[in-house]
Amino acid sequence: NSSGGNDSRGALVVLEGLDRCGKTTQSSSLHKYLEGLGHPAELWRFPDRTTSVGQMISSYLSNQSQLDDCTIHLLFSANRWEKRSLMESKLKSGTTIIVDRYSYSGVAFSSAKGLDFDWCKAPENGLLAPDVVLYLDIPPEKAAERGGYGGERYEQLEFQMKVRQSYQALHDASWKIIDACQPVKDIEKQLQEIVFKSIETCRKGKSLTC
Ligand code: DGP
Ligand code: NA
Ligand code: NA
């Protein structure tokens, strides 16, 4: 039964990486893959620009508004918190959620600006812990070559180099580091295998943690 029994939950799968690493493309092909298997799955992304907090973030990213670094940091975090209970209920009902960016982006991008690492982490405490983090690793120079950046606030080579260093200080046992310079199809296959296993582990009773 692919929809999962009464107690089997979905997996929380997070994709992380620098801007232009291919995360968004890979998130959506992963979603299609799970749908093809008949496994209930949703594709989410943070920031979620559809909420009112998300609109403030979007306006900041497109340089239409200015906010100090601490304030925007907390808004990004609040944007994850406002989706927490929905996330929990979906996972518990058996739906796997693929998330394009999560708390790691929060810490990596803000600490790259010079904010204290532990201060950046604090508001993320209590959000649901991912079952697996797929980090699409790309040298910032390579990312910058890919069709150019979109012009948002953080899409600059120097800054992305700092973000990559912050990411390197963040990885833990839930991370799988994938070489994002491989052909798209090869990356797809690797992600599918990892996620398939993660879903199995959750289905067998791995508990949801914070
Ligand atoms: P995206 O929609 O994935 O292109 O993300 C928008 C930009 O915002 C991208 O440069 C990454 C950055 N970002 C995502 N989440 C956070 C966060 O929680 N905090 C900060 N400071 N930046 C973030
Ligand atoms: Na972006
Ligand atoms: Na994001």
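The values are calculated or read from the model by the stated rules, or taken from the named source; none is laboratory data. Treat the numbers as computed from the prediction; the structure is a model and nothing was measured. All Cβ positions, glycine included, derive from the backbone under ideal geometry; neighbour counts span all protein chains shown. Side chains included, ligands, DNA and RNA excluded: accessible areas come from the protein's heavy atoms. Shrake-Rupley method; radii C 1.70, N 1.55, O 1.52, S 1.80 Å.
Can you tell me which residue among 77, 89 is within 15 Å of ligand 3 (Cβ to nearest atom), within 19 Å of residue 209 (Cβ to Cβ) and either touching a Leu at 6+ places or on another chain (Cβ under 8 Å) or modelled with pLDDT of 95 or more (or both)?
Details: 89 fails: within 15 Å of ligand 3 (Cβ to nearest atom).
Answer to the check: 77.
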Item to check | Output for segment 180-210, where each listed residue is open to solvent by less than 70 Å² (accessible area, probe 1.4 Å), farther than 15 Å from residue 17 by Cβ and hydrophobic (A, V, I, L, M, F, W, C) | outcome: 195, 199, 202, 208
Item to check | Residue that is most open to solvent (accessible area, probe 1.4 Å), among those in segment 35-78 that are within 15 Å of ligand 2 (Cβ to nearest atom) and under 15 Å from the mean Cα position of the chain (by Cα) | outcome: 45
Checklist entry - Are there any pairs with C-beta distances below 7 angstrom linking a residue in segment 186-207 that is in contact (Cβ under 8 Å) with a residue 40 or more places away in the chain to a residue that is open to solvent by 30 Å² or more (accessible area, probe 1.4 Å), with the two at least 6 apart or on different chains, and if so which? => result 192/33; 194/176
Next on the checklist: From the list 110, 85, exactly one residue is part of a helix (DSSP H, G or I), open to solvent by 50 Å² or more (accessible area, probe 1.4 Å) and either more than 16 Å from residue 188 (Cα to Cα) or touching a His at 6+ places or on another chain (Cβ under 6 Å) (or both). Which is it?
Outcome noted: 85
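Please go through segment 88-107 and give me each residue that is of a type in the set (Gly, Ala, Ser) and open to solvent by 50 Å² or more (accessible area, probe 1.4 Å), ordered by number.
Residues of segment 88-107 of a type in the set (Gly, Ala, Ser): 89, 93-94, 103, 105-106.
Once the filter is applied, which keeps residues that are of a type in the set (Gly, Ala, Ser) and open to solvent by 50 Å² or more (accessible area, probe 1.4 Å), segment 88-107 yields 89, 93.
For residues that are in contact with a strand residue (DSSP E or B) (Cβ under 9 Å, 6 or more places away or on another chain) and closer than 30 Å to residue 8 by Cα, scanning just segment 136-175, find the one that is surrounded by the most Cβ atoms within 10 Å (Cβ to Cβ).
First, the residues of segment 136-175 that are in contact with a strand residue (DSSP E or B) (Cβ under 9 Å, 6 or more places away or on another chain): 136-138, 143, 164, 167, 170-172, 174-175.
Subsequent filtering for residues that are closer than 30 Å to residue 8 by Cα retains 136, 170-172, 174-175.
On the way: 136: 25, 170: 19, 171: 14, 172: 9, 174: 15, 175: 17.
Among residues in segment 136-175 that are in contact with a strand residue (DSSP E or B) (Cβ under 9 Å, 6 or more places away or on another chain) and closer than 30 Å to residue 8 by Cα, the one surrounded by the most Cβ atoms within 10 Å (Cβ to Cβ) is 136.
Would you call residue 191 modelled with pLDDT of 95 or more and over 26 Å from residue 34 (Cβ atoms)?
Details: modelled with pLDDT of 95 or more: yes; over 26 Å from residue 34 (Cβ atoms): no.
Criteria not met by residue 191.
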Item to check | Test set (1) in a helix (DSSP H, G or I); (2) over 16 Å from the mean Cα position of the chain (by Cα); (3) not polar (S, T, N, Q) - residue 151 fails condition number | outcome: (1)
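Does residue 133 satisfy being open to solvent by less than 50 Å² (accessible area, probe 1.4 Å), within 16 Å of ligand 3 (Cβ to nearest atom) and touching a strand residue (DSSP E or B) at 6+ places or on another chain (Cβ under 6 Å)?
Details: open to solvent by less than 50 Å² (accessible area, probe 1.4 Å): yes; within 16 Å of ligand 3 (Cβ to nearest atom): yes; touching a strand residue (DSSP E or B) at 6+ places or on another chain (Cβ under 6 Å): yes.
For residue 133, the condition - open to solvent by less than 50 Å² (accessible area, probe 1.4 Å), within 16 Å of ligand 3 (Cβ to nearest atom) and touching a strand residue (DSSP E or B) at 6+ places or on another chain (Cβ under 6 Å) - is met.
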Checklist entry - Does segment 60-80 contain any residue that is under 18 Å from residue 14 (Cβ atoms), touching a residue at least 60 places away in the same chain (Cβ under 8 Å) and in a helix (DSSP H, G or I)? => result no
